[in-house]
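Structure, as C-alpha cells:
The values are calculated or read from the model by the stated rules, or taken from the named source; none is laboratory data. All values derive from a computational prediction rather than experimental measurement. We place every Cβ from the backbone using ideal geometry, glycine too, and count neighbours over all the protein chains shown.
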Ligand SMILES: [Zn+2]
C-alpha cells in the first residue's frame with residue numbers, strides 16, 4: 001500500500017481560507033445536505049446550507065460526498081507494519097503509520113502501549129514523546145493509552161498480554177512512566193480486582209488520567225467500587241475475558257449495568273458477534289459507546305504467521321494467538337468498525353460516526369475535535385459509502401488536506 005499525501009502549506013496556515021462545497025455534513029442530530037463548510041486558520045468557521053462566495057479561498061467540491069469529523073481511535077497498537085511499542089521506533093515509522101491512518105480517515109489516535117517490562121514501557125513513552133516534537137505528528141497524536149501492565153494475570157482475562165510482565169499497580173512506577181511520556185498518558189486500562197487497584201484508580205483520576213477497566217475478572221462489588229473511584233470506561237467490553245464464565249457472577253453484567261461506565265468495543269466482526277454488539281449497544285446507548293480498532297501493527301500487512309512480543313500470532317482478517325486460543329488483536333481500521341456497527345446494529349451513519357468521533361473526544365477531554373461546529377479544529381473526512389463500506393476520499397487535518405484518493 002502506498003500512501004500519497006498532499007499537504008497544503010503545512011506551515012503558516014494561519015490566514016488560509018478553505019471552502020468545501022456541496023457536501024452532506026454529518027452532525028449528531030442529522031445530515032445537513034448541500035452544505036458548505038468554511039475553514040479559517042485551521043478551524044471550522046461556519047457550516048451553512050447552500051452556496052456562499054468566498055473570494056481567495058481554496059475550494060474543494062465535495063461532489064455530494066459525506067463530510068464527517070475525522071475519526072478518533074483511542075486504542076491502536078500499530079499500523080501498516082509499524083508497532084508503536086517497537087523499542088527502536090523512529091519518526092519515519094510513526095509518520096508512515098500516521099499517514100496510513102489519515103488514508104483510512106483517522107485524524108487523531110492514542111498509540112496504545114501494552115503490558116511489557118517496565119524499562120521497555122518507559123523507553124516506549126520516551127521514544128514516542130521525543131518523536132512528538134514533530135509538529136505535524138503532534139496534530140494527530142494528543143497522547144497515549146497504557147493498556148496494562150496492571151491487569152489480571154489469569155489466562156483468558158489476560159488475553160494476549162504476557163504473564164511475566166503483568167504486575168500489581170504501583171503509583172510511583174506510573175508516575176515515572178508519566179514523566180517519560182511528559183504527561184501524555186491520557187488513558188490507562190487496569191484490572192480493578194488486583195491488590196491496590198482501587199486507590200491507584202483514584203490517584204490516576206485525580207491526576208487527570210482517564211481510567212478504563214479491562215483484562216479483568218472483577219466482581220460486581222469491586223467493579224462498582226472502581227467506578228466510585230472514578231473509572232469511566234470498560235476497555236473492549238466482551239474481550240479480555242475468559243472463554244468460559246459463570247452465568248451469574250461474571251464481569252460483563254456489572255459493567256453493562258453501571259450507567260456511569262462507557263464502553264469501548266471492537267466492531268471488526270470477529271471480536272464480538274452481532275448479538276453481542278446489538279446487546280451492548282442497546283444497554284449503553286449511543287452516548288456511552290465508543291468504537292476502537294485495537295489494530296495491531298499487522299493491520300494492512302499480508303496474511304500469515306508473524307512473531308510479535310515473543311509469540312507466534314496468525315494474521316487473517318483478525319490476529320489470533322493459537323497457543324492460548326485467544327485473539328491477539330485486530331487488523332481492521334476504525335473505518336471498518338464504523339461500517340460494521342451500522343450493518344450489525346442498524347444504528348445509522350450519524351450515530352456510528354458519533355461513536356467514533358464525538359464520544360472518544362469527550363472521553364479523553366479534548367473539546368476542540370470530534371464535531372463539525374464553528375470553533376472546532378477542521379479535522380474532516382470526505383467519504384462515500386459503497387456496499388455499506390466507508391471509502392475515504394479526502395482527509396483534512398487542521399484545515400490542510402493530508403490525503404486525497406484522487407490527488
Ligand atoms: Zn486488550
Meets criteria (outside any strand (DSSP E or B), surrounded by 24 or more Cβ atoms within 10 Å (Cβ to Cβ) and in contact with a strand residue (DSSP E or B) (Cβ under 6 Å, 6 or more places away or on another chain)) for residue 335: yes
Residue list for the stretch 113-123, filter: more than 16 Å from the ligand (Cβ to nearest atom) and part of a helix (DSSP H, G or I): 118, 119, 120, 122, 123
Answer from 110, 89, 18 - the residue that is part of a loop (DSSP other than H, G, I, E, B), surrounded by 15 or more Cβ atoms within 10 Å (Cβ to Cβ) and at pLDDT 95 or above: 89
Count of residues meeting criterion [over 19 Å from residue 100 (Cβ atoms), more than 17 Å from the chain's Cα centre (by Cα) and not in a strand (DSSP E or B)] in the stretch 358-407: 9
Filtered residues of the stretch 192-215 (kept if within 16 Å of the ligand (Cβ to nearest atom) and out of contact with any helix residue (DSSP H, G or I) (no Cβ under 8 Å at 6 or more places or on another chain)): 194, 212, 214, 215
In the stretch 240-256, the residues that are under 23 Å from the mean Cα position of the chain (by Cα) and modelled with pLDDT under 95: 240, 241
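Whether any residue in the stretch 219-226 is modelled with pLDDT of 95 or more, in a loop (DSSP other than H, G, I, E, B), out of contact with any strand residue (DSSP E or B) (no Cβ under 6 Å at 6 or more places or on another chain) and surrounded by fewer than 19 Cβ atoms within 10 Å (Cβ to Cβ) is what I want to check.
Yes, that holds for at least one residue.
For (1) at pLDDT below 95; (2) in contact with a helix residue (DSSP H, G or I) (Cβ under 8 Å, 6 or more places away or on another chain); (3) outside the structural domain of residue 156 (by TED's automatic domain parsing), each residue gets a yes or a no:
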position: 335; (1), (2), (3): no, no, no
position: 338; (1), (2), (3): no, yes, no
position: 354; (1), (2), (3): no, yes, no
position: 393; (1), (2), (3): no, no, yes
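In the list 162, 146, which residue meets the criterion of being under 23 Å from the mean Cα position of the chain (by Cα), more than 15 Å from residue 109 (Cα to Cα) and within 14 Å of the ligand (Cβ to nearest atom)?
Going through 162, 146 in turn, just one is under 23 Å from the mean Cα position of the chain (by Cα), more than 15 Å from residue 109 (Cα to Cα) and within 14 Å of the ligand (Cβ to nearest atom): 162.
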